[in-house]
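Novice: Got a structure here, written out as C-alpha cells. Questions coming.
The values are calculated or read from the model by the stated rules, or taken from the named source; none is laboratory data. This one's a predicted model, so the numbers in the text were calculated from it and none came from an experiment. Reconstructed Cβ throughout: ideal geometry from the backbone, glycine too, with neighbour counts over all protein chains shown.
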Amino acid sequence: MAFPKSFLWGGAVAANQCEGAYLTDGKGLSCADMLKGGNVSTPRMFSPVIEEGVYYPSHEAIDFYHHFKEDIALFAEMGWTVFRLSINWSRIYPNGDDEQPNEAGLKFYDEVFDECKKYGIEPLVTLSHYEIPWGIVTKYHGFADRRVIDLFVKYATTCFERYKDKVKYWLTFNEINCGLMPGGGAYNGVGYVCQEDLDNTAQRPVDQLIDNPQKRFEALHNEFVASAKTVIEGHKINPDFMIGLMIAHMSSYGLTPDPKDQFKNLQSDDRMNNFCGDVMVRGEYPFFAESFMKEQGVTDTSFMDNEEDKKILKEGVVDMYTFSYYMTNCVTTHEDELAKGNVFLGCKNPYLEATPWGWQIDPLGLRYTLNELAGRYPNVPLMIVENGMGMIDKVEEDGSIHDSYRIDYLRDHVKAMKDAIEKDHVNLIGYTTWGPIDLVSAGTGEMYKRYGFIFVNRHDDGTGDFSRSRKDSFFWYKKCIASQGEDLD
Ligand code: BGP
C-alpha cells in the first residue's frame, strides 16, 4: 500500500472565505472584508471604506460560523483525519494591536476544535490566510512596519497557549510567496497598502494597488522573522508542535529547448518557488536573493544583514514544508508565445487542458513538484495543503450534482502522489483538497467557481439559503480515503 497508515486525508478552507459573521462576537474588520466580488474577467475591487448596500463576499461567505457542526459532521462522514482551517486574526485581536484577546473569538475556535476531536479529526491551523486585521493595514501599513512582527507573535502565542492540547499542526503564513507579486498587499497577507490607496475613493483592482518594491520586500523579510519567532515560541509552548511554511507552488517548464527559455525558467522557479522556501527551511537567504531583489526594484537590501534577524531565521526553521498545487505554466523568452498567455498564469502549454478560469491541469506536474521539493529540502516532510478544481457545477432537478470532471482531476492527482511515494520515495505526510465545501473564491470573490465535495446553496447575487448537499465527488473521496487511496474508480 503506497499511502502509509498515518497519512492525513482531508480538506482545507480559510476563515475569510467560509466563516461569514464578519462582525459577530467582537470580530474586527480584516483586509479580506474590504474586497468586493469579481469574476473571471472582472477583477475584485479594493474599497478602503465599506459601502452600504454593496455585496462583499466575505461578510456572509457560506456562514460556516453558524454551520460548523453540520459541516464537520459531513467531513467526518467522508472519513477525514485532518481539517485545515485558518484562525481569523481579527476575531482574536479585533484591531490587531489590542491589549487583550477577544474571549468570544477564542471560544469559537475552541468549539470548532472540540467538534473536530469528537470525530478524531486533527486540525491543521493557518495563523494568517490573507486576512490581516484592517487596523494593522491602516495604522502600520502591514508588515512593512517592524512592530507588526511582535503583534503577530503575540497573536500566535495566544493561540498556541489556548489550543496547545487541541492543535498539533500549524502553518504561519498562507502562500507567503504571493508577497513577491507586485501590488497585492491588501490581499496577500503582507498588508502593505500605501496611503494614497487607503485614501483613494475611486478604488483600484486589488492586484493593481500602487506597488513599492522596497516596502514589499521589507515587509516580506519581517514576515520571515515573525514566522521564525513564532516557530521558536511555539516549540517552547509545546515541543510536539509541527509548525510549517506554506507556499503557492507553481512549477514551470521552459516552453522551448532554446537555452534562453530554460535559463529563464530556472530563474523564475528559483525566484517564485524557492526564494521563500529557502529562507524558511534553510534559515538563510539563497545566493540569488540580492540580484533578485535588485531586479525587482529594491534599492536597499541591508535588512538582510541584520545580525539579530539572521540568528532568529536560523533558529526558527520550520518543521514541515506545505504547499498549494493547482497547475503548472510555461516560461519563454519568445515574445509571440508570451502574448498567447496571461501575465499571471504564464504562457500556454500546448499539451495541457485548462479549466474555464485558465488553470492548466497537470497531475504529472505534481509528481514533478514533489520530486523537486524532496531533493531540495530532504530534511522536512512535505504536505499538499491545497489542490482541486474550481468549476461551474450544475444542480440537477433532483438536487444531485454529477461532478465527474472533479473526480477525474482529483483521481489523477492522487495517483501522482501515490507514484511519488511508492516509486520515488518522497516523504509526503498528508493531503488536504482545497474548498472541500463550496466557498468564496479568493481570486475572483465568486461562489460560481466551486471546488467542493459539498454544494452550498449560495450565489454571487447574495441569494441562497446556505443549505448543504453532497455532490458525486463526496462519495468518491469517501471511498478514496476508506481504501487509503487504492480504490479510485
Ligand atoms: C490559493 C489560496 C486559497 C484559494 C485557492 C484557490 O491561492 O490559498 O485561499 O482560494 O488559491 O483560488 P481561487 O479561490 O482564486 O480559485
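Novice: Would you pick out the residues in segment 230-261 that are part of a helix (DSSP H, G or I), surrounded by 16 or more Cβ atoms within 10 Å (Cβ to Cβ) and of a type outside the set (A, V, I, L, M, F, W, C)?
Specialist: Listed by number, the residues that qualify are Thr230, Glu233, Gly234, His235, Asp261.
Novice: I would also like to ask the following. In segment 31-70, what count of residues is obtained for those that are out of contact with any Phe, Trp or Tyr (no Cβ under 6 Å at 6 or more places or on another chain) and acidic (Asp, Glu)?
Specialist: 4
Novice: Please list, ordered by first then second residue, the pairs with beta carbon atoms under 7 Å, 6 or more apart or interchain, first in segment 153-179 and on the phi < 0 side of the Ramachandran plot and part of a helix (DSSP H, G or I), second away from the ligand (no atom under 16 Å from the Cβ) and basic (Lys, Arg).
Specialist: Listed by first residue and then by second, the contacts come to Val153/Lys229; Gly179/Arg216.
Novice: Follow-up question, since we're still on this one. Out of all the residues in segment 235-260, which are in contact (Cβ under 8 Å) with a residue 60 or more places away in the chain, out of contact with any Ser or Thr (no Cβ under 8 Å at 6 or more places or on another chain) and not aliphatic (A, V, I, L, M)? Before the answer, list the steps.
Specialist: Let us first name the residues in segment 235-260 that are in contact (Cβ under 8 Å) with a residue 60 or more places away in the chain, namely 237-238, 240-256, 258, 260.
Still in the running and out of contact with any Ser or Thr (no Cβ under 8 Å at 6 or more places or on another chain): 238, 240-242.
The answer is Asn238, Asp240, Phe241.
Novice: Next question, about the same structure. Looking at (1) over 23 Å from Lys117 (Cβ atoms); (2) away from the ligand (no atom under 16 Å from the Cβ), which is the only condition Gly20 fails?
Specialist: Among (1) over 23 Å from Lys117 (Cβ atoms); (2) away from the ligand (no atom under 16 Å from the Cβ), Gly20 violates only (2).
Novice: OK, next. Between Ala21, Ala61, Ala104, Ala73, which is touching a His at 6+ places or on another chain (Cβ under 8 Å) and modelled with pLDDT of 95 or more? Let's see the steps before the verdict.
Specialist: Numbers: Ala61 fails: touching a His at 6+ places or on another chain (Cβ under 8 Å); Ala104 fails: touching a His at 6+ places or on another chain (Cβ under 8 Å); Ala73 fails: touching a His at 6+ places or on another chain (Cβ under 8 Å).
Testing whether each residue is touching a His at 6+ places or on another chain (Cβ under 8 Å) and modelled with pLDDT of 95 or more leaves just Ala21.
Novice: Among the residues of segment 77-106, which ones are basic (Lys, Arg) and in contact with a strand residue (DSSP E or B) (Cβ under 6 Å, 6 or more places away or on another chain)? Walk me through how you get there before you give the answer.
Specialist: First, the residues of segment 77-106 that are basic (Lys, Arg): 84, 91.
The one that is basic (Lys, Arg) and in contact with a strand residue (DSSP E or B) (Cβ under 6 Å, 6 or more places away or on another chain): Arg84.
Novice: Output yes when any residue across segment 429-440 is more than 17 Å from the chain's Cα centre (by Cα), at negative phi and surrounded by fewer than 24 Cβ atoms within 10 Å (Cβ to Cβ), and no when none is.
Specialist: Here is the first cut: in segment 429-440, the ones more than 17 Å from the chain's Cα centre (by Cα) are 429.
Next cut, at negative phi only: 429.
Filter again for surrounded by fewer than 24 Cβ atoms within 10 Å (Cβ to Cβ), leaving 429.
Yes, there is a match, as at least one residue in segment 429-440 is more than 17 Å from the chain's Cα centre (by Cα), at negative phi and surrounded by fewer than 24 Cβ atoms within 10 Å (Cβ to Cβ).
Novice: Here's a follow-up. How many of the residues making up segment 374-393 are more than 16 Å from the ligand (Cβ to nearest atom) and of a type in the set (Gly, Ala, Ser)?
Specialist: Going through segment 374-393, the residues more than 16 Å from the ligand (Cβ to nearest atom) turn out to be 374-382.
Now narrow it down to the ones that are of a type in the set (Gly, Ala, Ser): 374-375.
Going through segment 374-393 one residue at a time, the tally reaches 2.
Novice: Scanning for something among the small types (Gly, Ala, Ser), modelled with pLDDT of 95 or more and either more than 16 Å from the ligand (Cβ to nearest atom) or surrounded by 15 or more Cβ atoms within 10 Å (Cβ to Cβ) (or both), does segment 342-358 turn up at least one residue? So that I can check it myself, show each step before the final result.
Specialist: Narrowing segment 342-358 to residues among the small types (Gly, Ala, Ser): 346, 354, 358.
After this cut, where a residue has to be modelled with pLDDT of 95 or more as well, the list is none.
Within segment 342-358, not a single residue is among the small types (Gly, Ala, Ser), modelled with pLDDT of 95 or more and either more than 16 Å from the ligand (Cβ to nearest atom) or surrounded by 15 or more Cβ atoms within 10 Å (Cβ to Cβ) (or both).
Novice: Related question: Would you confirm whether or not segment 52-64 contains a residue that is free of Cβ contacts under 8 Å to residues at least 12 places away in the same chain and of a type outside the set (Phe, Trp, Tyr)?
Specialist: Applying the first criterion (free of Cβ contacts under 8 Å to residues at least 12 places away in the same chain) to segment 52-64 yields 52-53.
In the following step, the residues that additionally are of a type outside the set (Phe, Trp, Tyr) were identified as 52-53.
Checking segment 52-64: at least one residue is free of Cβ contacts under 8 Å to residues at least 12 places away in the same chain and of a type outside the set (Phe, Trp, Tyr).
Novice: Right, here's the next one. Which residues, taken from segment 130-150, are buried (at least 23 other Cβ atoms within 10 Å of the Cβ) and either more than 16 Å from the ligand (Cβ to nearest atom) or β-branched (Val, Ile, Thr) (or both)?
Specialist: Quick first cut of segment 130-150, residues buried (at least 23 other Cβ atoms within 10 Å of the Cβ) only: 130-134, 136-137, 142-144, 148.
Listed by number, the residues that qualify are Ile132, Pro133, Trp134, Ile136, Val137, Gly142, Phe143, Ala144, Val148.
Novice: Separate question: If a residue must be surrounded by fewer than 23 Cβ atoms within 10 Å (Cβ to Cβ), closer than 20 Å to Gly142 by Cα and in contact with a helix residue (DSSP H, G or I) (Cβ under 7 Å, 6 or more places away or on another chain), how many such residues does segment 95-129 contain?
Specialist: Looking only at that region, the number is 3.
Novice: Continuing with the same structure: So, Ile176, is that one in contact with a helix residue (DSSP H, G or I) (Cβ under 8 Å, 6 or more places away or on another chain) and buried (at least 24 other Cβ atoms within 10 Å of the Cβ) or not?
Specialist: On the way: in contact with a helix residue (DSSP H, G or I) (Cβ under 8 Å, 6 or more places away or on another chain): yes; buried (at least 24 other Cβ atoms within 10 Å of the Cβ): yes.
Spelling it out, Ile176 is indeed in contact with a helix residue (DSSP H, G or I) (Cβ under 8 Å, 6 or more places away or on another chain) and buried (at least 24 other Cβ atoms within 10 Å of the Cβ).
Novice: Return a yes/no flag: does segment 436-450 have any residue that is more than 16 Å from the ligand (Cβ to nearest atom) and of a type outside the set (Phe, Trp, Tyr).
Specialist: Applying the first criterion (more than 16 Å from the ligand (Cβ to nearest atom)) to segment 436-450 yields none.
Looking for residues that are more than 16 Å from the ligand (Cβ to nearest atom) and of a type outside the set (Phe, Trp, Tyr), one finds none in segment 436-450, hence no.
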